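Enquirer: Below is one structure. I have some questions about it.
The values are calculated or read from the model by the stated rules, or taken from the named source; none is laboratory data. This structure is a prediction, so every number in the text was calculated from the model and none was measured. Glycine also receives a Cβ, built like all others from the backbone with ideal geometry; neighbour counts cover every protein chain displayed.
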Amino acid sequence: MRQLQAAVGNKFVHGLVLHDHDRITPFDEKLHAGPVSMFWRG
């Protein structure tokens, strides 16, 4: 994701990596890891 961010420069808006944990975890200003389950919450 960081390579993509570097390649597109200012066009990069935000990156999200899906994982199987229960919370959203930031790992850079515009990069986060988020649970897959967030798509199925009501």
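Enquirer: Just one of (1) hydrophobic (A, V, I, L, M, F, W, C); (2) at pLDDT 95 or above; (3) under 10 Å from the mean Cα position of the chain (by Cα) trips up Ala7, so point out which.
Expert: (3)
Enquirer: Further question on the same structure: Only one residue in Lys11, Lys30 is among the basic types (Lys, Arg) and surrounded by 12 or more Cβ atoms within 10 Å (Cβ to Cβ), so which one is that? First the steps, then the outcome.
Expert: On the way: Lys11 fails: surrounded by 12 or more Cβ atoms within 10 Å (Cβ to Cβ).
Exactly one residue qualifies, and that residue is Lys30.
Enquirer: When the range 23-42 is examined, which residues are found to be in a helix (DSSP H, G or I) and of a type in the set (S, T, N, Q)?
Expert: Let us first name the residues in the range 23-42 that are in a helix (DSSP H, G or I), namely 36-39.
Residue satisfying the conditions is Ser37 alone.
Enquirer: Tell me, which residue of the range 33-42 that is of a type in the set (A, V, I, L, M) and touching a strand residue (DSSP E or B) at 6+ places or on another chain (Cβ under 6 Å) is surrounded by the fewest Cβ atoms within 10 Å (Cβ to Cβ)? Give the steps one after another, and end with the answer.
Expert: The first filter runs over the range 33-42 and keeps only residues of a type in the set (A, V, I, L, M), leaving 33, 36, 38.
Imposing the further condition that a residue be touching a strand residue (DSSP E or B) at 6+ places or on another chain (Cβ under 6 Å) reduces the set to 33, 36.
Working: Ala33: 16, Val36: 10.
Applying the filter and picking the extreme gives Val36.
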